[in-house]
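Take a look at the structure set out below.
The values are calculated or read from the model by the stated rules, or taken from the named source; none is laboratory data. Since we're looking at a predicted model, the values are computed, not measured. Please note: Cβ atoms are built from the backbone with ideal geometry, for glycine as well, and neighbour counts cover all protein chains shown.
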Amino acid sequence: MCAGGVFHAAMKSALRVAISIATTLLGLLVVTFVISRMLPADPVLAVVGDHASESTIEAARIRLGLDKPLYMQFWIYLSDVLQGDLGESIRTGLPISEELARVFPATLELATLGTLIGVIVGIPLGVWAAVRKDTLIDHVVRFVGLIGYSVPIFWLGLMGLLVFYAKLDWLPGPGRLDFGYEDLVDPVTGLMTVDTLIAGDFDLFRNALGHLIMPASLLGYFSLAYISRMTRSLMLGQLRQEYILTARVKGVSETRVIWRHAMRNVLVPLLTVIALSYGNLLEGSVLTETVFAWRGLGLYITDSIFGQDMPAVLGGTIVVGAIFIVINMLTDIAYRVLDPRAK
């Protein structure tokens, strides 16, 4: 193909991606906006209180733009979002974009370490279980995964705090730092372990890491259960293929057959599994953040729901949707790098 044809194909591909992203975001905005307006909670009462006068309520309704037709409210909201303005929180009066920028790094730090634990431990366990299919090792790995799926994550969190914090005193309790340390860290990135290292305070770093270990390990176990099961399933499918039998007949070592030949073909679909697991941890760690008092995105959205702060809920939902869009886009790019046939 000539250079002009390659450029034209690349432009068409980029245009399709842009249209897909824009359509997905628009659909997300429409759905969340409509749902927020269908809820029985009145955001005006959340601002002025239940005992405000009719004139106060009406003035607040006009200030919030709720006196306008629904389509006009959505158009104003869409215009503001496109300019990066997610509105102000009803509870705090602060810009929602600033509050999300403050809480999101906590969730990012927690979910990233949890996913790394799931990948580093889950993939070898899944491969081991597939290679030793129907043996004791396989049954143990599958049982460990089943526990990760079946036991409520908040119960595991409470048991972890009871055993490792209250009884054994091996790890710190809830929060991202001990109470007396919270104001000693300059929030450069919002990632507590990184910020303490930037500050050069290794005592604070050890304290932040200690607080991170238990909730991240809990999420890592949840991720591990999913990744190990999918790795086992994908690896079993590859080990039945003829090219694996051919490699073994040629005398290729079993380690090379598994990790060089079979894993190469497992890696591409496994990338989707890891991406989905990461996305789920980024937006689905609400219970873990609640149990460990981890001031992240999930806890922020939950508090906003209970506080009837619908602008904040909408802003958090947009961030969650954007996370999945970005993850899917990066996964698609990685597909094309790892598997040239995807081009």
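Out of Ala60, Ala111, which single residue is modelled with pLDDT of 90 or more and buried (at least 17 other Cβ atoms within 10 Å of the Cβ)?
Just one listed residue meets the conditions, Ala111.
Taking the stated definitions as given, is Ile244 in the same structural domain as Ala111 (by TED's automatic domain parsing) and touching a His at 6+ places or on another chain (Cβ under 7 Å)?
Yes; evaluated as a whole, the condition is true for this residue.
What tally of residues in region 47-83 results from selecting those that are farther than 15 Å from Met310 by Cβ and part of a loop (DSSP other than H, G, I, E, B)?
9
Return only the number of the condition from (1) more than 20 Å from the chain's Cα centre (by Cα); (2) within 17 Å of Gly114 (Cβ to Cβ) that Leu236 does not satisfy.
(2) is the only condition that Leu236 fails.
Taking interchain pairs and intrachain pairs at least six residues apart, which have beta carbon atoms under 8 angstrom, with the first residue in region 143-172 and under 10 Å from Met214 (Cα atoms) and the second in a loop (DSSP other than H, G, I, E, B) and aliphatic (A, V, I, L, M)?
Phe164/Leu171; Tyr165/Leu171
Please go through region 81-101 and give me each residue that is within 30 Å of Tyr226 (Cα to Cα) and crowded, with 16+ Cβ neighbours inside 10 Å, ordered by number.
Result: Leu100, single match.
Starting from region 77-93, take each residue that is among the basic types (Lys, Arg) and list its partners that are surrounded by 14 or more Cβ atoms within 10 Å (Cβ to Cβ), counting only C-beta distances under 9 angstrom and pairs at least six apart or across chains.
Arg91/Ala46; Arg91/Asp303; Arg91/Ser304; Arg91/Gly307; Arg91/Gln308; Arg91/Asp309; Arg91/Ala312
Let's see how each residue does on (1) β-branched (Val, Ile, Thr); (2) surrounded by fewer than 16 Cβ atoms within 10 Å (Cβ to Cβ); (3) farther than 30 Å from Leu25 by Cβ:
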| residue | (1), (2), (3) |
| --- | --- |
| Ser223 | no, no, no |
| Arg248 | no, yes, yes |
| Trp259 | no, yes, yes |
| Tyr278 | no, no, no |
| Phe292 | no, no, yes |
| Met329 | no, yes, no |
| Arg336 | no, yes, no |
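Check whether at least one residue in region 280-290 is of a type outside the set (S, T, N, Q) and at pLDDT 85 or above, and report yes or no.
yes
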